[in-house]
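Rule-based calculations on the coordinates, nothing more; no lab input. Being a predicted model, the structure only gives us computed values, none of them experimental. Cβ sites come from the backbone with ideal geometry, for glycine too, and all protein chains shown count toward neighbours.
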Amino acid sequence: MSAPRSLASARALAEAMLGAALGAAEIVNRIYHEADRGVTFKVGDDPVTRADHEANAFLLDALGRIAPGVVLVAEESDPASYAGYAEADAAFFIDPLDGTREFVAKNGEFCVMVGFAEAGRATVGVVACPSWAEAFLGASLGEGAERGFAERALPGGRREPIHVSSTESLGDARGLISRSHKSAATDAVLARLGAKELVPYGSAGLKALQVATGAFDFYAHPGPSGMLWDSCAPEAIVRGAGGLLTDAAGVAIDYRRPTLANERGVLAAGLALHGRGVEVLAPFVPGASPSRACRSAPS
C-alpha cells in the first residue's frame, strides 16, 4: 500500500492500520488479565512487559504486510532496525503499549498506537483502547475539514465522527495532565493556565483521544513528553478532529528529526484554545519564543 495522497487512500490505510492495532490490542488485553505479565525494567523504574514485546512483534509483522518497505519505528524494536527513519519519505511510529505503568498498576489507562508520518508530518493514526472496548482512527492531509477525518470505531464496522470541543477560554476549560510524570515545576507551569479543572490521567494516547472527542478541552505537559511514537497517532487523530497537537510552544512536531524524544512538551486542544495555551506555556519551553510558534506541520 502506497502513502496516502487523497482522503480516500488515507482512510484505506487507516482501516488497514486499525486491523493491525486491534490484533495487538487482543494480545495486550489477554496478558493484562494473566497473573504473570512478565514485568521487567528498562532503566530505573521504567517498566516493560510481555505485552509490550508480543504486541510489538505482532505489529511489525502486520504493518510489514500492509506497507512493505516502509520504515517501522517501534518502541520495543532494536534502534538499528529504524536507523534511517529521519531520511525516509514515510515511516510508521508504533507504541505497542502506551501507558505501561498504568498497565502494570491495572488501572485500565493504556492503549495501542500506530501512527503514519509522511514528509515529516503525522498524517494517519489509529489507537485501540482495550479497557474502553473502543478504537479510534483519523487522518489529516492538510488544512480544512475536507482534508481530514476522525472517528470512533463501533461494532459491526460502523464509524462515528468525533470533534474537539468549542471551548475558547482557558478559564472555562477542563484539561488533562500527566499522572506518571508530575513534578512541582510542571505543576507550577500548568497552574498558570488558569484552567477550570486539571485532571491527572495515564497514557499520552488516551489523554489526546479525550481531547479529540471533546470529553476534555485540552491536554498539556510543559516538560519532556515521551517519544515520537507517543505523539504521531494522537496528532493525526486530533488534527482530523479539528484540533492541533504540537509541542508546548506551539511548534509542529517534525517526524523526520534525528532525535526521537519530545523534549519540548506537548499541547493538544481546539484551535482557539490551543493558541491561548501556547501564550502561557511557550515562555517555559527551553529555546522557544512566541514568534516561532506555528500551527502548520513541516513542509
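A compact table of results
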| item | result |
| --- | --- |
| Most fluctuating residue given options Ala117, Ala272, Ala204, as computed from a GNM of the chain linking Cα atoms under 10 Å | Ala272 |
| Gyration tensor verdict on region 19-88 (Cα atoms; rounded if a/c is under 1.5, prolate if a/b is larger than b/c, oblate otherwise) | oblate |
| Relative contact order (%) - criterion: Cα under 8 Å, at least six apart; region: region 163-222 | 52 percent |
| Positive minus negative residues near Pro200 (Lys, Arg vs Asp, Glu; Cβ under 9 Å) | +2 |
| Kirkwood Rh and Cα Rg combined as Rg over Rh, evaluated for region 109-221 | 0.99 |
| Relative contact order %, region 200-277, counting alpha carbon pairs below 8 Å whose residues are six or more apart | 38 percent |
| Compactness relative to 2.2 N^0.38 Å, alpha carbon Rg of region 1-132 | 1.05 |
| Dipole magnitude of region 25-91 about its Cα centre (Cβ charges: Lys, Arg +1; Asp, Glu -1), debye to nearest 20 | 140 debye |
| Whole-number percent relative contact order across region 7-161, with pairs defined as alpha carbons under 8 Å at least 6 apart | 22 percent |
| Diffusion constant of region 170-292 at 10 °C, which comes from Stokes-Einstein with the Kirkwood Cα-pair radius and 1.306 mPa s, µm²/s | 114 µm²/s |
| Charge context of Phe116, other residues only, Cβ under 14 angstrom, K/R +1, D/E -1 | 0 |
| For the chain, calculated [θ]222 nm from helices alone, where every DSSP H run of n ≥ 4 adds -39500 (n - 2.57) | -9500 deg cm²/dmol |
| Ascending count of other beta-carbon atoms within 10 Å, so fewest first, for Asp95, Asp187, Asp230 | Asp187, Asp230, Asp95 |
| Long-range amide H partners of Phe216 with built H, under 5 Å | Val211 |
| Two-site FRET efficiency, Glu160 against Glu279, from Cβ-Cβ distance with R₀ of 41 Å, rounded to 0.05 | 0.80 |
| Theoretical gain in end-to-end length, Ala133 to Arg30 [0.36 nm per residue, Cα-Cα removed] | 35.8 nm |
| Semi-axes of the equivalent ellipsoid for the chain, Cα gyration tensor, largest first, Å | 26, 22, 19 |
| Positive-pole candidate from Gly242, Ala8, Gly115, dipole of the chain, charges at beta carbon | Gly242 |
| Cut-off 11 Å between beta-carbons: net charge of the residues surrounding Ser131, Lys and Arg +1, Asp and Glu -1 | -2 |
| Dipole magnitude (debye, nearest 20) for the chain, charges at Cβ of Lys, Arg, Asp, Glu | 520 debye |
| Candidates Phe93, Phe110, Phe41, ranked by Gaussian network fluctuation over the chain, Cα under 10 Å, top entry | Phe41 |
